[in-house]
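Presented below is the structure to which this report refers.
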Protein chains: 2
Amino acid sequence: MDLIVQKYGGTSVGSTEKIKYIAKNISKLTKKNKSIVVVVSAMAGETDRLDKITKKISKIPNEKEYDQVISSGEKISAGLLSIALLEIKTKAVSLDPSKFDLLTDDLHSKAKILSVGTKKIKNLLKEGFVVVVPGFQGINSKGDVTTLGRGGSDLTAVALASALKASHCELLKDDVDGIYTTDPRLYKDAKKINYISYPEMLEMSSLGSKVLQAKAVEYANNLKVKLYVKSTSKTTNKGTWVMDEKSIPIKERKIITGVTHDLKQSKITVSGIEDVPGVASKIFKPIGAAGIVVDMIVQNISIDNKTDLTFTIPKDDLNKTVKILKSNKSKINYREIIQDKEIALISIVGAGMKTHTGIATRMFDTLSNAKINISMISTSEIKISCVINQSKCKKAIQYLHKEFKLD
Amino acid sequence: MDLIVQKYGGTSVGSTEKIKYIAKNISKLTKKNKSIVVVVSAMAGETDRLDKITKKISKIPNEKEYDQVISSGEKISAGLLSIALLEIKTKAVSLDPSKFDLLTDDLHSKAKILSVGTKKIKNLLKEGFVVVVPGFQGINSKGDVTTLGRGGSDLTAVALASALKASHCELLKDDVDGIYTTDPRLYKDAKKINYISYPEMLEMSSLGSKVLQAKAVEYANNLKVKLYVKSTSKTTNKGTWVMDEKSIPIKERKIITGVTHDLKQSKITVSGIEDVPGVASKIFKPIGAAGIVVDMIVQNISIDNKTDLTFTIPKDDLNKTVKILKSNKSKINYREIIQDKEIALISIVGAGMKTHTGIATRMFDTLSNAKINISMISTSEIKISCVINQSKCKKAIQYLHKEFKLD
């Protein structure tokens, strides 16, 4: 019998109506002779509510106890969904991680899954039960509840799909019905992608496409678990498969899979620095120490032994970064700092780049034809990113989407 | 070292401020060299909220899953209180019933406690931890969560106090600071009782004094666990000890311990029935079958082989009872039904009645002097109850309270 692991997020179980609705869909699946394990998040808002209450008592709460409190929401959802399934005569049972041994390490609130016990679940599936598992949590060797961090329910689902050798892992979304070639809100001709490889998906998600957490995609990649992203409500719509590049049917493979953008970056130029070894380290060491993630770095050609260094950091960290640079002015010895918040990072992503040449040139030409100036460039094996002016972001998406025949 | 089990109800942990407040009090106790196990209820309103959500999904939810959902509130409270204690540098740990084996039978939502594992708790206490236990729940032999029914957290506390051989079990209340000789809202000279025996407390609580659930008092009586009812906020106020009659200091023993009243009863007279065997059964069988609890029953002297039968039932069941009687009119064969909602049940409770005579007469004389008519009388070993007109309730309390020197 075909085994599927399904995961429903917080919005999908956000009300009793929605829980009843997904119970109906799961029930239909069981009638198609499918074995189903369901992973659920807490009802939308519940985890934040518990976090807020806890933080009122302690700003840095004890980690073990915090996980005990914060993991309740998923347990409640699991019980409620089981009740909803039983109400419509579908055999179901909620099963806590402590009951089937989803073991993690000791790192509370960012625990790593070490192993997943399958015996109990397999027995329940054999008896015809839908097994409903609270996501986001496991237990450590002492039997204490641990949590897996943001997006942890996706990790639970992937781990279960791998351990149970499920045919695939379905991630059901309330707000989207798959992965798109670009943001449909910015470009109406965006198309749903049928197949995307893990590394492509990683590039898409790290660039601000919030459909899947990068952590879950990486984890699925490592465990070679096929993901299927689809809509909770539009059940007949096709979704998007995320899988190994080699498993994607040849006729579905594209040179460029998508165009993504990121408006959350800002740009800093440190000008008039000496072009000597160690100067970059002097700049980036204190920034890194402050926990600020630098993305792109470009250094200009040196003139009279002086050069400029430009890099991007999240907009939220801009002021902090400028402050750090200013307090290190004498040490770094620069002329001035130029900051720019009005930037967009625009990228094309595609595994086909590895085997096709001239993609970068096509991108630069396309932007040039659209009269869009490029201020920074960065490339990876399956991605080319350009920093442009924020006001040109929409136009850039439109031109690139057409150029690479994604319409 | 002295071991105390404390139990805090939903109002006492009803906000983060209150949780922080009780954490401070517990911390103070630990500095007095006390070992403390704390049992907590869910934050006020939380259990009702979860019940409401669940009932929206299923009117008769699966019992196992219902208990899984409904037991979350106490687990959250236990985590939060531990965090609050740790925040003020008091060693504390929350401990689920599954972790120390608080085993119950399989009767979900009204489970009985079968045994309480003490090893883990004792070890933690030895290491200097305050152990915080979520009340109201246990696990059955399969490891599923079960719940103990209304007032279940009191039962958890009593069971733990017994298993751990605690010196006593403290029940901390947010709204009252002990048991009173009569309702202080109705009679300002009501006095706090220092000592009361289990059976007296049972008579008091079954008569509408809502401070302690009868179930918890019975359980404490069976296990011979001393209870101490005190205020959460007025920590210096003395509370009330509930214990075995023999353990109460002789000078603290009273003939009459309290005067209680119950305004939730109503009275029905079925008149003109035949005085033959089996007629009472014909009346009470259908009433009992409908789940209606009849309290007092009085039958008049028969005249011409006809008699009247008067009984009390909860006000809420009055209409239902009258309906049942009317639909059975031909079978019972009565003349008429007289109903009276305007009654009060007034009772004096005291273990001293067993050894002192003339108490009933004193009660009747006192009511007579107050010009209060008695329409029904019922007596037990430690209680005498009279049905009077509701409007005279306050006056009756006042006269009886004075007569039996409770002021």
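Please count how many residues of region A:1-24 are outside any helix (DSSP H, G or I), within 14 Å of chain B (Cβ to nearest Cβ) and over 24 Å from the mean Cα position of the chain (by Cα). So that I can check it myself, show each step before the final result.
Filtering region A:1-24 down to residues outside any helix (DSSP H, G or I) leaves A:1-15.
Pick out the ones that are also within 14 Å of chain B (Cβ to nearest Cβ) and you get A:13-15.
Within this subset, residues satisfying the condition of being over 24 Å from the mean Cα position of the chain (by Cα) are A:15.
The number of residues fulfilling the criteria is 1.
Any residue in region A:322-332 that is in contact with an Asp or Glu (Cβ under 6 Å, 6 or more places away or on another chain) and among the β-branched types (Val, Ile, Thr)?
no
I need a count of the residues in region A:231-250 that are farther than 26 Å from A:THR355 by Cβ and out of contact with any Leu (no Cβ under 6 Å at 6 or more places or on another chain).
8
Kindly provide the set of residues from region B:41-56 that are within 11 Å of chain A (Cβ to nearest Cβ) and either among the aromatic types (Phe, Trp, Tyr) or under 16 Å from B:GLY152 (Cα atoms) (or both), ordered by number. Talk me through it step by step, then tell me what you get.
If we filter region B:41-56 for residues that are within 11 Å of chain A (Cβ to nearest Cβ), which is where we start, we get B:42-43, B:46, B:49-50, B:52-56.
The answer is B:ALA42, B:MET43, B:GLU46.
Okay, residues lined up against (1) under 22 Å from A:ILE139 (Cβ atoms); (2) more than 27 Å from the chain's Cα centre (by Cα); (3) buried (at least 21 other Cβ atoms within 10 Å of the Cβ):
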site: B:MET43; (1), (2), (3): no, no, yes
site: B:LYS64; (1), (2), (3): yes, no, yes
site: B:GLY73; (1), (2), (3): yes, no, yes
site: B:THR90; (1), (2), (3): no, yes, yes
site: B:LYS120; (1), (2), (3): yes, yes, no
site: B:ASN123; (1), (2), (3): yes, yes, no
site: B:THR146; (1), (2), (3): yes, no, yes
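Going residue by residue through region A:263-284, is there one that turns out to be closer than 26 Å to A:ASN389 by Cα and modelled with pLDDT under 90? Full working, then the answer.
We begin by selecting, within region A:263-284, every residue closer than 26 Å to A:ASN389 by Cα; these are A:263-273, A:280, A:283-284.
Retained after the next criterion (residues that are modelled with pLDDT under 90): A:280.
Within region A:263-284, one or more residues are closer than 26 Å to A:ASN389 by Cα and modelled with pLDDT under 90.
For region A:111-156, what are the residues that are within 19 Å of A:SER27 (Cα to Cα) and touching a strand residue (DSSP E or B) at 6+ places or on another chain (Cβ under 8 Å)?
Of everything in region A:111-156, those that are within 19 Å of A:SER27 (Cα to Cα) and touching a strand residue (DSSP E or B) at 6+ places or on another chain (Cβ under 8 Å) turn out to be A:ILE121, A:LEU124, A:LEU125, A:PHE129, A:VAL130, A:VAL131, A:VAL132, A:VAL133, A:PRO134.
Which condition breaks for A:ALA351 when tested against (1) surrounded by 15 or more Cβ atoms within 10 Å (Cβ to Cβ); (2) touching a strand residue (DSSP E or B) at 6+ places or on another chain (Cβ under 6 Å); (3) over 29 Å from A:ASP244 (Cα atoms)?
The number of the failed condition is (3).
Within region A:109-139, can you find the residues that are farther than 17 Å from A:LYS215 by Cα and in a loop (DSSP other than H, G, I, E, B)?
Correct list: A:GLY117, A:THR118, A:GLU127, A:GLY128, A:PHE129.
Name the strands (runs of 3 or more DSSP E) wholly inside region B:335-407 in which the number of residues that are more than 14 Å from B:THR260 (Cα to Cα) is 3 or more.
Values: elements: B:336-340, B:343-349, B:376-380, B:383-389.
Ranges flagged: B:336-340, B:376-380.
Checking B:LEU172 against (1) over 19 Å from B:GLY9 (Cβ atoms); (2) buried (at least 21 other Cβ atoms within 10 Å of the Cβ), which single condition isn't satisfied?
It is condition (1) that B:LEU172 fails.
Evaluate the following for B:ILE256: is it at pLDDT 90 or above and outside any strand (DSSP E or B)? Even if it seems obvious, please write down each step before you answer.
On the way: at pLDDT 90 or above: yes; outside any strand (DSSP E or B): yes.
Spelling it out, B:ILE256 is indeed at pLDDT 90 or above and outside any strand (DSSP E or B).
Can you tell me how many residues within region B:177-194 are of a type outside the set (Gly, Ala, Ser), out of contact with any His (no Cβ under 9 Å at 6 or more places or on another chain) and surrounded by 19 or more Cβ atoms within 10 Å (Cβ to Cβ)?
4
Please enumerate the residues belonging to region A:25-52 that are in a strand (DSSP E or B) and either out of contact with any strand residue (DSSP E or B) (no Cβ under 9 Å at 6 or more places or on another chain) or hydrophobic (A, V, I, L, M, F, W, C) (or both).
Just the residues of region A:25-52 that are in a strand (DSSP E or B), to begin with: A:34-40.
Residues satisfying the conditions are A:ILE36, A:VAL37, A:VAL38, A:VAL39, A:VAL40.
Just to verify a result, which residue in region A:27-40, among those that are at negative phi and over 25 Å from the mean Cα position of the chain (by Cα), is nearest to the other protein chains (Cβ to nearest Cβ)?
To start, the set of residues in region A:27-40 that are at negative phi comprises A:27-32, A:34-40.
Next cut, over 25 Å from the mean Cα position of the chain (by Cα) only: A:27-32, A:34-35.
On the way: A:SER27: 14, A:LYS28: 18, A:LEU29: 19, A:THR30: 17, A:LYS31: 20, A:LYS32: 24, A:LYS34: 22, A:SER35: 20 Å.
Result: A:SER27.
So that you can scan it fast, the table gives a plain yes or no per residue for (1) more than 23 Å from B:SER375 (Cβ to Cβ); (2) touching a residue at least 40 places away in the same chain (Cβ under 8 Å); (3) touching an Asp or Glu at 6+ places or on another chain (Cβ under 7 Å); (4) surrounded by fewer than 19 Cβ atoms within 10 Å (Cβ to Cβ):
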site: B:MET243; (1), (2), (3), (4): yes, yes, no, no
site: B:ILE250; (1), (2), (3), (4): yes, no, no, yes
site: B:LYS254; (1), (2), (3), (4): yes, yes, no, no
site: B:THR257; (1), (2), (3), (4): yes, yes, yes, no
site: B:LYS264; (1), (2), (3), (4): no, yes, no, yes
site: B:PHE284; (1), (2), (3), (4): no, no, no, yes
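Which of the following residues is without any contact (Cβ under 8 Å) to a residue 24 or more places away in the chain, out of contact with any Gly (no Cβ under 6 Å at 6 or more places or on another chain) and either within 11 Å of chain B (Cβ to nearest Cβ) or under 15 Å from A:GLN6 (Cβ atoms) (or both): A:ILE88, A:ILE121, A:ILE70, A:ILE83? Please lay out each step first, then the result.
Details: A:ILE88 fails: without any contact (Cβ under 8 Å) to a residue 24 or more places away in the chain; A:ILE121 fails: without any contact (Cβ under 8 Å) to a residue 24 or more places away in the chain; A:ILE70 fails: without any contact (Cβ under 8 Å) to a residue 24 or more places away in the chain.
Step by step, each of A:ILE88, A:ILE121, A:ILE70, A:ILE83 is checked, and only A:ILE83 is without any contact (Cβ under 8 Å) to a residue 24 or more places away in the chain, out of contact with any Gly (no Cβ under 6 Å at 6 or more places or on another chain) and either within 11 Å of chain B (Cβ to nearest Cβ) or under 15 Å from A:GLN6 (Cβ atoms) (or both).
Out of the residues in region B:155-189 that are modelled with pLDDT of 95 or more and not hydrophobic (A, V, I, L, M, F, W, C), state the one that is farthest from B:CYS393 (Cα to Cα).
Here the answer is B:LYS165.
Tell me which residues, restricted to region B:101-113, are of a type outside the set (D, E, K, R) and in contact with a Gly (Cβ under 8 Å, 6 or more places away or on another chain). Give the derivation first.
Step one: list which residues in region B:101-113 are of a type outside the set (D, E, K, R), which gives B:102-104, B:107-109, B:111, B:113.
Matches in region B:101-113: B:LEU102, B:LEU103, B:THR104, B:SER109, B:ALA111, B:ILE113.
Per-residue answers, yes or no, for (1) of a type in the set (A, V, I, L, M); (2) surrounded by 14 or more Cβ atoms within 10 Å (Cβ to Cβ); (3) in contact with a helix residue (DSSP H, G or I) (Cβ under 9 Å, 6 or more places away or on another chain):
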{"site": "A:ARG362", "(1), (2), (3)": "no, yes, yes"}
{"site": "A:ILE372", "(1), (2), (3)": "yes, yes, yes"}
{"site": "A:CYS386", "(1), (2), (3)": "no, yes, yes"}
{"site": "A:ASN389", "(1), (2), (3)": "no, yes, no"}
{"site": "A:HIS401", "(1), (2), (3)": "no, yes, no"}
{"site": "A:LYS405", "(1), (2), (3)": "no, no, no"}
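With the structure loaded, tell me whether A:PRO97 is within 14 Å of another protein chain (Cβ to nearest Cβ), over 24 Å from B:LYS52 (Cα atoms) and in contact with a Ser or Thr (Cβ under 6 Å, 6 or more places away or on another chain) or whether it fails that test.
Values: within 14 Å of another protein chain (Cβ to nearest Cβ): yes; over 24 Å from B:LYS52 (Cα atoms): yes; in contact with a Ser or Thr (Cβ under 6 Å, 6 or more places away or on another chain): no.
The answer is no for A:PRO97.
The values are calculated or read from the model by the stated rules, or taken from the named source; none is laboratory data. Owing to the predicted nature of the structure, the values given are computational and were not obtained by experimental measurement. Positions of Cβ are backbone-derived with ideal geometry, glycine not excepted, and every protein chain shown enters the neighbour counts.
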